[in-house]
Amino acid sequence: MTKKYSFLLYNIRYGAGRGWRFNLPLPLSGYLKNTTRNISHITKFIKSVDPDIVGLIEVDRGSFRTNKQNQAQDIAKALGYHPSFNSKYGGSSLAHKIPIMNMQGNAVLTRPDIKNKRIHYFKKGVKRMAIELELEDFNIFLIHLSLTYRSRQWQLSDLYKLIKKVDKPVIVAGDFNIFWGEHEIELFMAATGLSSMNKDNVPSFPSKKPKRQLDFILHSPDIKVLDFKVLDGITFSDHLPVSCKFSVKDRQKHLESDQKQEK
């Protein structure tokens, strides 16, 4: 027996939006503007997709630009999810002392029950956090890799070690920031046995005229991909959202079947 799940991955850029207004009156000043209206648009979009699980990259947990509201909690409350949020910077990072940056992180919103939650911090890079959630039938890792090539490779090495400890099927999703191309993660995928759901390498960045594939959903062989889409035309952020549907064996039924065979 298999179970079906739907998943949406979206780098929401802290709800800061995109376009020419983002750089007015000064370049990047959009990061300092109120995000309430755009988060409302993003919430309505997520509701229209209605996924079982949502991975949100670049979430604000309560700075002045959100009126001190946690964006992940607000979206989760509005749509009936359980939010798992953490800062993307390590505990000793200087970023924790800088206003706004100390409110930045990533989040996973879930409807299926969570059996366990683990927060990992890679050894290298400024943004270095990975959220690991154990669900009944699989584990999911949400990541946002470093902007520098060398740090990304160190982070992928750390992630490999985490994945090898998991005895369930695995989903790894996030903004990989692989500006040098997909070959950056070829060795990582070969070592872990993971495959990309984006078989055609459809780009997701920038959202208006996408040229690069930065947002990935990787899966272990036990997970069957039923559908995958880069959702073109959704321009609430500088990234396009990525959605998928997949099936995985009901782990409880699978264990019961194995026990009967052993008897």
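The values are calculated or read from the model by the stated rules, or taken from the named source; none is laboratory data. Computed from a predicted model, the values in this text were never measured in an experiment. Neighbour counts are summed over all protein chains in view; Cβ atoms, including those assigned to glycine, are modelled from backbone coordinates with ideal geometry. These accessible areas exclude ligands, DNA and RNA; they are computed on the full protein's heavy atoms, side chains included. Shrake-Rupley method; radii C 1.70, N 1.55, O 1.52, S 1.80 Å.
Only one of the listed residues (K88, K77, K115) is within 14 Å of I12 (Cβ to Cβ) and of a type in the set (K, R). That residue is K88.
In this structure, is I178 assigned to a loop (DSSP other than H, G, I, E, B) and open to solvent by less than 20 Å² (accessible area, probe 1.4 Å)? Yes.
May I ask you to list the residues in the stretch 119-165 that are small (G, A, S) and at pLDDT below 95? Once the filter is applied, which keeps residues that are small (G, A, S) and at pLDDT below 95, the stretch 119-165 yields only G125. Does I75 satisfy the criteria of being in a strand (DSSP E or B) and either over 13 Å from the mean Cα position of the chain (by Cα) or among the β-branched types (V, I, T) (or both)? No.
Report, by residue number, each residue of the stretch 194-204 that is surrounded by 14 or more Cβ atoms within 10 Å (Cβ to Cβ) and either in contact (Cβ under 8 Å) with a residue 60 or more places away in the chain or out of contact with any helix residue (DSSP H, G or I) (no Cβ under 8 Å at 6 or more places or on another chain) (or both).
Taking the stretch 194-204 and keeping what is surrounded by 14 or more Cβ atoms within 10 Å (Cβ to Cβ), we get 194-198, 202-204.
M197, N198, V202, P203, S204 - these are the residues of the stretch 194-204 that are surrounded by 14 or more Cβ atoms within 10 Å (Cβ to Cβ) and either in contact (Cβ under 8 Å) with a residue 60 or more places away in the chain or out of contact with any helix residue (DSSP H, G or I) (no Cβ under 8 Å at 6 or more places or on another chain) (or both).
Listed by first and then second residue, the pairs linking a residue in the stretch 41-66 that is open to solvent by 50 Å² or more (accessible area, probe 1.4 Å) to a residue that is small (G, A, S), with Cβ atoms under 8 Å apart and 6 or more places separating them unless they lie on different chains, are K47/A78; V49/S6; V49/S243; D50/S6; R61/A72; R61/S87; R61/G105.
In the stretch 21-66, what residues are touching an Asp or Glu at 6+ places or on another chain (Cβ under 6 Å) and farther than 22 Å from I114 by Cα? Working first, answer last.
Pass one, the stretch 21-66, residues touching an Asp or Glu at 6+ places or on another chain (Cβ under 6 Å): 57, 66.
Once the filter is applied, which keeps residues that are touching an Asp or Glu at 6+ places or on another chain (Cβ under 6 Å) and farther than 22 Å from I114 by Cα, the stretch 21-66 yields only T66.
For beta carbons closer than 9 Å, sequence separation of 6+ or different chains, a first residue in the stretch 83-110 that is in contact (Cβ under 8 Å) with a residue 60 or more places away in the chain and closer than 21 Å to E132 by Cα and a second that is among the charged types (D, E, K, R) and assigned to a strand (DSSP E or B), the qualifying pairs are Q104/E58; Q104/D60; Q104/K127; N106/E58; N106/K127; N106/D175.
Taking the stretch 24-40 as the search range and keeping residues that are in contact (Cβ under 8 Å) with a residue 24 or more places away in the chain and not in a helix (DSSP H, G or I), which one is nearest to R13 (Cα to Cα)?
Going through the stretch 24-40, the residues in contact (Cβ under 8 Å) with a residue 24 or more places away in the chain turn out to be 31-36, 38-39.
Cutting the leftovers down to not in a helix (DSSP H, G or I) gives us 33-35.
On the way: K33: 12, N34: 13, T35: 10 Å.
The residue in question is T35.
Here S257 does not fit the description of being at pLDDT 95 or above and not in a loop (DSSP other than H, G, I, E, B). Only residues that are more than 30 Å from I223 (Cβ to Cβ), hydrophobic (A, V, I, L, M, F, W, C) and open to solvent by 30 Å² or more (accessible area, probe 1.4 Å) were counted across the stretch 1-27, and they come to 3. Within this structure, S243 passes the test of being closer than 24 Å to A107 by Cα, part of a strand (DSSP E or B), modelled with pLDDT of 95 or more and hydroxyl-bearing (S, T, Y).
Restricting attention to the stretch 161-175, the residues that are in contact (Cβ under 8 Å) with a residue 40 or more places away in the chain and either of a type outside the set (D, E) or open to solvent by 70 Å² or more (accessible area, probe 1.4 Å) (or both) total 8.
Would you pick out the residues in the stretch 84-141 that are under 19 Å from S157 (Cβ atoms), part of a loop (DSSP other than H, G, I, E, B) and open to solvent by 10 Å² or more (accessible area, probe 1.4 Å)? Even if it seems obvious, please write down each step before you answer.
Quick first cut of the stretch 84-141, residues under 19 Å from S157 (Cβ atoms) only: 88, 90, 118-132, 139, 141.
Then drop every residue that is not part of a loop (DSSP other than H, G, I, E, B), which leaves 88, 90, 122-126, 128.
Result: K123, K124, G125, V126, R128.
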